[in-house]
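The values are calculated or read from the model by the stated rules, or taken from the named source; none is laboratory data. Note that the structure is a prediction, hence the values are computed from the model and not measured. Note: ideal-geometry Cβ built from the backbone for every residue, glycine included; neighbour counts use all protein chains shown. The protein model used for the area step is the full one, side chains on, heavy atoms only, and it has no ligands, DNA or RNA in it. Shrake-Rupley method; radii C 1.70, N 1.55, O 1.52, S 1.80 Å.
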Amino acid sequence: MKIKILDRYLIKQFLQTILFGLFAFTLIFVVIDAMENLDDFIDQSVPTLKILHYYFVFSPEIIRLMTPVAVLFAALFTAGKAANLSELTAIKASGVSLFRFMLPFIVTTFFISLFSIYFGGYLVPMANKTKINIEQVYLKKNLSFAESNIYFQDNKTRIVSISYFDTERNRANRVSIQDFSSEDLTRMVRRIDAVFLQYDSTKKIWIADNGVERVFYPDKQEAKYFTQLEINNLNFLPDDLTTKQRKTSEMNLAELRELINSQLRAGNDPTSTLIEYHSRFAFAATNLIVVLFGLPISANKRKGGLAAQVGLNILVTFLYLVFMKISQAFGKNGSLDPVLTAWFANIIFLAAAIYNLFRSRL
(Lines give C-alpha, C1' and ligand atoms only; values in the text may rest on other atoms or scores of the structure.)
Protein backbone atom coordinates (compact mmCIF):
# COMPACT_ATOMS: atom_id res chain seq x y z
CA MET A 1 0.00 0.00 0.00
CA LYS A 2 2.83 2.40 0.91
CA ILE A 3 4.51 1.61 -2.39
CA LYS A 4 1.33 2.47 -4.31
CA ILE A 5 1.03 5.76 -2.43
CA LEU A 6 4.67 6.52 -3.25
CA ASP A 7 4.06 5.70 -6.95
CA ARG A 8 1.05 8.01 -7.12
CA TYR A 9 3.01 10.78 -5.42
CA LEU A 10 5.98 10.49 -7.79
CA ILE A 11 3.77 10.22 -10.90
CA LYS A 12 1.77 13.27 -9.84
CA GLN A 13 4.91 15.34 -9.26
CA PHE A 14 6.41 14.06 -12.53
CA LEU A 15 3.37 14.87 -14.69
CA GLN A 16 2.83 18.29 -13.11
CA THR A 17 6.44 19.25 -13.83
CA ILE A 18 6.18 17.97 -17.42
CA LEU A 19 3.07 20.07 -18.06
CA PHE A 20 4.71 23.12 -16.48
CA GLY A 21 7.86 22.60 -18.58
CA LEU A 22 5.89 22.22 -21.82
CA PHE A 23 3.84 25.33 -21.08
CA ALA A 24 6.93 27.38 -20.20
CA PHE A 25 8.99 26.22 -23.19
CA THR A 26 6.10 26.72 -25.62
CA LEU A 27 5.38 30.19 -24.28
CA ILE A 28 9.06 31.19 -24.59
CA PHE A 29 9.25 29.92 -28.18
CA VAL A 30 6.03 31.66 -29.18
CA VAL A 31 7.13 34.97 -27.70
CA ILE A 32 10.54 34.80 -29.41
CA ASP A 33 9.01 33.84 -32.77
CA ALA A 34 6.34 36.54 -32.46
CA MET A 35 9.01 39.18 -31.87
CA GLU A 36 10.95 37.97 -34.94
CA ASN A 37 7.86 37.96 -37.18
CA LEU A 38 6.28 41.14 -35.81
CA ASP A 39 7.47 43.26 -38.75
CA ASP A 40 6.12 40.70 -41.24
CA PHE A 41 2.74 40.61 -39.51
CA ILE A 42 2.52 44.40 -39.59
CA ASP A 43 3.79 44.74 -43.19
CA GLN A 44 1.32 42.14 -44.47
CA SER A 45 -1.55 43.49 -42.30
CA VAL A 46 -2.27 40.06 -40.87
CA PRO A 47 -5.49 40.05 -38.76
CA THR A 48 -5.04 39.48 -35.04
CA LEU A 49 -7.24 36.37 -35.06
CA LYS A 50 -5.14 34.90 -37.87
CA ILE A 51 -1.97 35.55 -35.86
CA LEU A 52 -3.50 33.72 -32.91
CA HIS A 53 -4.52 30.91 -35.25
CA TYR A 54 -0.98 30.76 -36.61
CA TYR A 55 0.56 30.27 -33.18
CA PHE A 56 -2.16 27.83 -32.18
CA VAL A 57 -1.17 25.52 -35.05
CA PHE A 58 2.54 26.26 -34.49
CA SER A 59 2.33 25.08 -30.87
CA PRO A 60 2.09 21.32 -31.63
CA GLU A 61 5.47 21.37 -33.39
CA ILE A 62 7.02 23.19 -30.42
CA ILE A 63 5.44 20.72 -28.00
CA ARG A 64 6.76 17.78 -30.04
CA LEU A 65 10.30 19.16 -29.99
CA MET A 66 10.23 20.14 -26.33
CA THR A 67 8.60 17.00 -24.91
CA PRO A 68 11.91 15.11 -24.38
CA VAL A 69 13.40 18.22 -22.77
CA ALA A 70 10.38 18.66 -20.50
CA VAL A 71 10.36 14.96 -19.59
CA LEU A 72 14.05 15.00 -18.71
CA PHE A 73 13.66 18.23 -16.77
CA ALA A 74 10.69 16.79 -14.86
CA ALA A 75 12.52 13.55 -14.03
CA LEU A 76 15.64 15.38 -12.84
CA PHE A 77 13.66 17.94 -10.89
CA THR A 78 11.39 15.38 -9.20
CA ALA A 79 14.23 13.03 -8.25
CA GLY A 80 16.53 15.90 -7.31
CA LYS A 81 13.87 17.44 -5.11
CA ALA A 82 13.33 14.10 -3.37
CA ALA A 83 17.06 13.81 -2.77
CA ASN A 84 17.49 17.37 -1.48
CA LEU A 85 14.51 17.02 0.90
CA SER A 86 15.91 13.69 2.18
CA GLU A 87 12.81 11.93 0.84
CA LEU A 88 15.05 9.68 -1.20
CA THR A 89 17.02 8.77 1.92
CA ALA A 90 13.80 7.65 3.60
CA ILE A 91 12.78 5.70 0.48
CA LYS A 92 16.18 3.98 0.41
CA ALA A 93 15.96 3.19 4.12
CA SER A 94 12.60 1.48 3.58
CA GLY A 95 14.27 -0.99 1.21
CA VAL A 96 13.19 0.50 -2.14
CA SER A 97 15.90 0.00 -4.79
CA LEU A 98 16.84 2.44 -7.52
CA PHE A 99 15.10 0.23 -10.08
CA ARG A 100 11.87 0.25 -8.08
CA PHE A 101 12.14 4.00 -7.48
CA MET A 102 12.47 4.57 -11.23
CA LEU A 103 9.56 2.29 -12.17
CA PRO A 104 6.74 4.91 -11.99
CA PHE A 105 8.85 7.31 -14.07
CA ILE A 106 9.58 4.63 -16.67
CA VAL A 107 5.97 3.43 -16.95
CA THR A 108 4.64 6.99 -17.24
CA THR A 109 7.26 7.91 -19.83
CA PHE A 110 6.52 4.74 -21.81
CA PHE A 111 2.91 5.85 -22.28
CA ILE A 112 4.09 9.39 -23.09
CA SER A 113 6.33 7.92 -25.81
CA LEU A 114 3.47 5.90 -27.28
CA PHE A 115 1.30 9.00 -27.42
CA SER A 116 4.22 10.97 -28.90
CA ILE A 117 4.31 8.58 -31.87
CA TYR A 118 0.70 9.42 -32.68
CA PHE A 119 1.10 13.08 -31.79
CA GLY A 120 4.24 13.59 -33.86
CA GLY A 121 3.20 11.20 -36.62
CA TYR A 122 -0.32 12.50 -37.29
CA LEU A 123 -1.41 15.55 -35.27
CA VAL A 124 1.73 17.65 -35.80
CA PRO A 125 1.80 17.19 -39.62
CA MET A 126 -1.88 18.19 -39.72
CA ALA A 127 -1.09 21.38 -37.80
CA ASN A 128 1.98 22.03 -39.98
CA LYS A 129 -0.20 21.99 -43.11
CA THR A 130 -2.32 24.81 -41.71
CA LYS A 131 0.74 26.70 -40.46
CA ILE A 132 2.48 26.58 -43.86
CA ASN A 133 -0.76 27.58 -45.60
CA ILE A 134 -1.02 30.67 -43.37
CA GLU A 135 2.61 31.53 -44.12
CA GLN A 136 1.98 31.22 -47.86
CA VAL A 137 -1.28 33.21 -47.91
CA TYR A 138 -0.61 35.91 -45.32
CA LEU A 139 3.18 36.10 -44.92
CA LYS A 140 4.13 35.16 -48.51
CA LYS A 141 6.59 32.56 -47.20
CA ASN A 142 7.43 29.05 -48.46
CA LEU A 143 6.49 30.06 -52.00
CA SER A 144 8.56 28.80 -54.90
CA PHE A 145 9.06 31.10 -57.85
CA ALA A 146 11.36 28.78 -59.77
CA GLU A 147 10.37 27.72 -63.26
CA SER A 148 9.79 24.18 -62.08
CA ASN A 149 8.99 23.43 -58.45
CA ILE A 150 8.20 19.72 -58.93
CA TYR A 151 11.12 17.78 -60.31
CA PHE A 152 11.37 13.98 -60.03
CA GLN A 153 12.48 10.78 -61.68
CA ASP A 154 9.52 8.77 -63.01
CA ASN A 155 11.66 5.74 -63.84
CA LYS A 156 15.33 4.99 -64.41
CA THR A 157 15.37 6.77 -67.79
CA ARG A 158 12.69 9.47 -67.42
CA ILE A 159 12.68 12.83 -65.64
CA VAL A 160 9.51 14.88 -65.18
CA SER A 161 9.42 18.60 -64.47
CA ILE A 162 6.17 20.38 -63.47
CA SER A 163 5.71 24.01 -62.51
CA TYR A 164 2.51 23.56 -60.51
CA PHE A 165 -0.10 20.86 -59.98
CA ASP A 166 -3.75 21.91 -59.59
CA THR A 167 -5.24 19.35 -57.19
CA GLU A 168 -8.84 20.42 -57.87
CA ARG A 169 -8.57 19.78 -61.63
CA ASN A 170 -5.98 16.99 -61.51
CA ARG A 171 -4.00 19.09 -63.97
CA ALA A 172 -0.28 19.82 -64.14
CA ASN A 173 0.89 23.15 -65.56
CA ARG A 174 3.98 23.78 -67.71
CA VAL A 175 5.22 20.22 -68.01
CA SER A 176 8.42 18.75 -69.40
CA ILE A 177 8.93 14.98 -69.81
CA GLN A 178 12.47 13.91 -70.76
CA ASP A 179 13.37 10.35 -71.78
CA PHE A 180 16.98 9.19 -71.90
CA SER A 181 18.67 6.23 -73.49
CA SER A 182 18.93 3.16 -71.25
CA GLU A 183 22.39 2.49 -72.72
CA ASP A 184 23.64 6.06 -72.28
CA LEU A 185 21.82 8.03 -69.59
CA THR A 186 23.44 11.26 -70.75
CA ARG A 187 21.75 11.07 -74.18
CA MET A 188 18.16 12.33 -74.45
CA VAL A 189 15.99 10.36 -76.90
CA ARG A 190 12.66 12.12 -76.47
CA ARG A 191 11.22 15.22 -74.86
CA ILE A 192 7.63 16.36 -74.48
CA ASP A 193 6.83 19.95 -73.46
CA ALA A 194 3.20 20.86 -72.82
CA VAL A 195 1.20 23.68 -71.33
CA PHE A 196 -1.02 21.24 -69.42
CA LEU A 197 -0.97 17.58 -68.46
CA GLN A 198 -4.48 16.37 -67.57
CA TYR A 199 -5.24 13.01 -65.94
CA ASP A 200 -8.10 11.02 -67.51
CA SER A 201 -9.51 8.91 -64.68
CA THR A 202 -11.66 6.90 -67.11
CA LYS A 203 -8.80 5.75 -69.34
CA LYS A 204 -6.25 5.86 -66.50
CA ILE A 205 -3.82 7.82 -68.66
CA TRP A 206 -2.33 11.30 -68.85
CA ILE A 207 -3.23 13.63 -71.74
CA ALA A 208 -0.85 16.44 -72.71
CA ASP A 209 -2.39 19.64 -74.13
CA ASN A 210 -0.85 22.24 -76.46
CA GLY A 211 2.75 21.18 -76.72
CA VAL A 212 5.53 19.72 -78.78
CA GLU A 213 7.07 16.25 -78.90
CA ARG A 214 10.72 16.02 -79.94
CA VAL A 215 12.48 12.78 -80.87
CA PHE A 216 16.28 12.82 -80.95
CA TYR A 217 18.29 10.56 -83.24
CA PRO A 218 22.10 10.34 -83.44
CA ASP A 219 22.18 12.51 -86.54
CA LYS A 220 18.91 14.43 -86.48
CA GLN A 221 15.77 15.33 -84.50
CA GLU A 222 12.07 15.50 -85.24
CA ALA A 223 9.49 17.85 -83.73
CA LYS A 224 5.74 17.33 -83.78
CA TYR A 225 3.34 19.94 -82.42
CA PHE A 226 0.09 18.67 -80.93
CA THR A 227 -3.16 19.88 -79.45
CA GLN A 228 -3.62 16.69 -77.44
CA LEU A 229 -1.32 13.73 -76.89
CA GLU A 230 -2.15 10.61 -74.88
CA ILE A 231 0.75 9.36 -72.77
CA ASN A 232 0.08 5.91 -71.34
CA ASN A 233 3.49 4.95 -69.94
CA LEU A 234 3.81 7.41 -67.04
CA ASN A 235 4.19 5.80 -63.61
CA PHE A 236 2.80 8.56 -61.37
CA LEU A 237 -0.76 9.43 -60.37
CA PRO A 238 -2.36 12.74 -59.32
CA ASP A 239 -2.07 11.76 -55.66
CA ASP A 240 1.68 11.28 -56.13
CA LEU A 241 2.02 14.84 -57.45
CA THR A 242 0.02 16.22 -54.53
CA THR A 243 2.43 14.47 -52.20
CA LYS A 244 5.51 15.71 -54.08
CA GLN A 245 4.38 19.33 -53.60
CA ARG A 246 4.27 18.91 -49.85
CA LYS A 247 7.14 18.95 -47.41
CA THR A 248 7.82 15.90 -45.27
CA SER A 249 6.94 17.97 -42.19
CA GLU A 250 3.35 18.11 -43.53
CA MET A 251 3.08 14.34 -44.03
CA ASN A 252 1.83 11.85 -41.50
CA LEU A 253 3.37 8.40 -41.10
CA ALA A 254 1.08 6.76 -43.65
CA GLU A 255 1.82 9.45 -46.24
CA LEU A 256 5.57 9.17 -45.63
CA ARG A 257 5.36 5.41 -46.17
CA GLU A 258 3.48 5.93 -49.43
CA LEU A 259 6.06 8.50 -50.55
CA ILE A 260 8.84 6.00 -49.85
CA ASN A 261 7.06 3.35 -51.94
CA SER A 262 6.53 5.89 -54.72
CA GLN A 263 10.22 6.81 -54.72
CA LEU A 264 11.21 3.14 -54.83
CA ARG A 265 8.85 2.48 -57.76
CA ALA A 266 10.39 5.37 -59.67
CA GLY A 267 13.94 4.22 -58.94
CA ASN A 268 14.68 7.29 -56.79
CA ASP A 269 16.75 7.32 -53.62
CA PRO A 270 14.34 7.35 -50.62
CA THR A 271 17.09 7.80 -48.00
CA SER A 272 16.00 11.24 -46.74
CA THR A 273 12.36 10.17 -46.50
CA LEU A 274 13.30 6.94 -44.73
CA ILE A 275 15.32 8.91 -42.19
CA GLU A 276 12.37 11.22 -41.58
CA TYR A 277 9.99 8.25 -41.24
CA HIS A 278 12.08 6.33 -38.72
CA SER A 279 13.03 9.53 -36.88
CA ARG A 280 9.37 10.00 -35.93
CA PHE A 281 9.55 6.75 -33.92
CA ALA A 282 13.08 7.35 -32.65
CA PHE A 283 12.31 10.85 -31.43
CA ALA A 284 9.26 9.57 -29.52
CA ALA A 285 11.46 6.93 -27.83
CA THR A 286 13.85 9.68 -26.75
CA ASN A 287 11.53 10.47 -23.84
CA LEU A 288 12.13 7.06 -22.31
CA ILE A 289 15.86 6.99 -22.97
CA VAL A 290 16.63 10.41 -21.46
CA VAL A 291 14.77 9.38 -18.31
CA LEU A 292 16.82 6.19 -18.05
CA PHE A 293 19.95 8.27 -18.61
CA GLY A 294 19.24 11.17 -16.30
CA LEU A 295 17.34 9.70 -13.36
CA PRO A 296 20.20 7.72 -11.75
CA ILE A 297 22.41 10.81 -11.86
CA SER A 298 19.79 13.02 -10.25
CA ALA A 299 18.68 10.40 -7.72
CA ASN A 300 22.21 10.11 -6.32
CA LYS A 301 22.88 13.85 -6.32
CA ARG A 302 22.80 15.57 -2.97
CA LYS A 303 24.07 19.06 -3.78
CA GLY A 304 23.47 21.72 -6.36
CA GLY A 305 19.71 22.17 -6.14
CA LEU A 306 17.53 23.32 -9.01
CA ALA A 307 20.35 25.15 -10.80
CA ALA A 308 22.33 21.92 -11.10
CA GLN A 309 19.28 20.07 -12.44
CA VAL A 310 18.67 22.72 -15.09
CA GLY A 311 22.34 22.73 -16.05
CA LEU A 312 22.40 18.95 -16.37
CA ASN A 313 19.21 19.07 -18.40
CA ILE A 314 20.74 21.55 -20.86
CA LEU A 315 23.96 19.52 -21.13
CA VAL A 316 22.18 16.22 -21.85
CA THR A 317 19.91 17.89 -24.42
CA PHE A 318 22.88 19.51 -26.14
CA LEU A 319 24.78 16.21 -26.32
CA TYR A 320 21.75 14.41 -27.71
CA LEU A 321 21.25 17.05 -30.42
CA VAL A 322 24.93 16.86 -31.37
CA PHE A 323 24.77 13.08 -31.80
CA MET A 324 21.51 13.36 -33.73
CA LYS A 325 22.83 15.97 -36.16
CA ILE A 326 26.08 14.07 -36.73
CA SER A 327 24.23 10.82 -37.48
CA GLN A 328 21.80 12.57 -39.84
CA ALA A 329 24.69 14.14 -41.74
CA PHE A 330 26.29 10.73 -42.28
CA GLY A 331 22.94 9.14 -43.08
CA LYS A 332 21.97 11.64 -45.77
CA ASN A 333 25.37 11.17 -47.37
CA GLY A 334 24.70 7.44 -47.59
CA SER A 335 27.36 6.48 -45.04
CA LEU A 336 24.83 5.08 -42.55
CA ASP A 337 21.72 2.98 -42.95
CA PRO A 338 18.55 5.17 -42.65
CA VAL A 339 17.23 3.16 -39.68
CA LEU A 340 20.60 3.33 -37.90
CA THR A 341 20.76 7.04 -38.68
CA ALA A 342 17.42 7.68 -37.03
CA TRP A 343 18.23 5.60 -33.95
CA PHE A 344 21.96 6.32 -33.60
CA ALA A 345 21.68 8.99 -30.88
CA ASN A 346 19.18 6.84 -28.96
CA ILE A 347 21.46 3.79 -29.15
CA ILE A 348 24.41 5.77 -27.77
CA PHE A 349 22.35 7.27 -24.95
CA LEU A 350 20.68 3.95 -24.16
CA ALA A 351 24.07 2.27 -23.80
CA ALA A 352 25.21 5.11 -21.52
CA ALA A 353 21.95 4.86 -19.56
CA ILE A 354 22.33 1.12 -18.97
CA TYR A 355 25.94 1.59 -17.84
CA ASN A 356 25.00 4.48 -15.55
CA LEU A 357 22.00 2.60 -14.17
CA PHE A 358 23.99 -0.40 -12.98
CA ARG A 359 26.77 1.85 -11.69
CA SER A 360 24.39 4.00 -9.65
CA ARG A 361 22.40 1.42 -7.72
CA LEU A 362 21.10 2.58 -4.39
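Points worth noting:
- Estimated at 0.36 nm per residue, the fully extended path between residue 314 and residue 205 surpasses their Cα-Cα distance by 33.7 nm.
- Per-pair calculated FRET efficiency, R0 = 25 Å: residue 235 and residue 174 via Cβ, rounded to 0.05: 0.80
- To the nearest ten degrees, helix 338-359 and the longest principal axis of the Cα atoms of the chain are 10 degrees apart.
- Among 177, 21, 84 - extreme Cα towards positive end, dipole of the chain, charges at beta-carbon: 84
- Accessible surface comparison of 107, 215, probe 1.4 Å, protein chains only, largest first: the order is 107, 215.
- Peptides 282-291, 120-129 ranked from most to least packed give 282-291, 120-129, packing being the mean of other C-beta atoms within 10 angstrom over each peptide's residues.
- The spacing between segment 174-237 and segment 66-118, judged by their C-alpha centroids, is 62 Å.
- The ellipsoid that matches the Cα gyration tensor of segment 148-249 has semi-axes, each √(5λ) in whole angstrom, of 23, 17, 11, with the longest given first.
- A helix-only calculation puts the chain at -21500 deg cm²/dmol for mean residue ellipticity at 222 nm, using -39500 (n - 2.57) for each DSSP H run of at least four residues, averaged over all residues.
- Rounded to 0.05, the FRET efficiency of the residue 43 and residue 325 pair, given R0 = 41 Å and the Cβ-Cβ distance, is 0.80.
- Angle between the chain longest axis and helix 271-299 axis [Cα atoms, degrees, rounded to 10]: 10 degrees
- Degrees separating the helix 124-138 axis from the principal Cα axis of the chain, which is the longest one: 60 degrees
- Rounded FRET efficiency, nearest 0.05, which uses the C-beta distance separating residue 339 from residue 28 and R0 of 45 Å: 0.85
- Dimensionless Rg over Rh [the chain; C-alpha; Kirkwood]: 1.11
- In this structure the chain gives 54 Å² per residue of accessible area when probed at 1.4 Å with all protein chains present.
- Stretching residue 107 away from residue 36 to a fully extended chain increases their span by 21.6 nm, per 0.36 nm per residue minus the current alpha-carbon distance.
- Whole-percent carbon and sulfur share, accessible surface of the chain, 1.4 Å: 61 percent
- Accessible area in the full protein assembly, largest first, 1.4 Å probe, for 273, 202: 202, 273
- A simple spin-label model places the labels of residue 163 and residue 20 5.7 nm from each other, with each point 7 Å out along Cα-to-Cβ.
- Label sites at residue 4 and residue 352, each approximated as a point 7 angstrom past Cα along Cα to Cβ, lie 3.9 nm apart.
- Spatially close lysines, pair count over segment 186-301: Cα under 25 Å, gap of eight or more or interchain: 4
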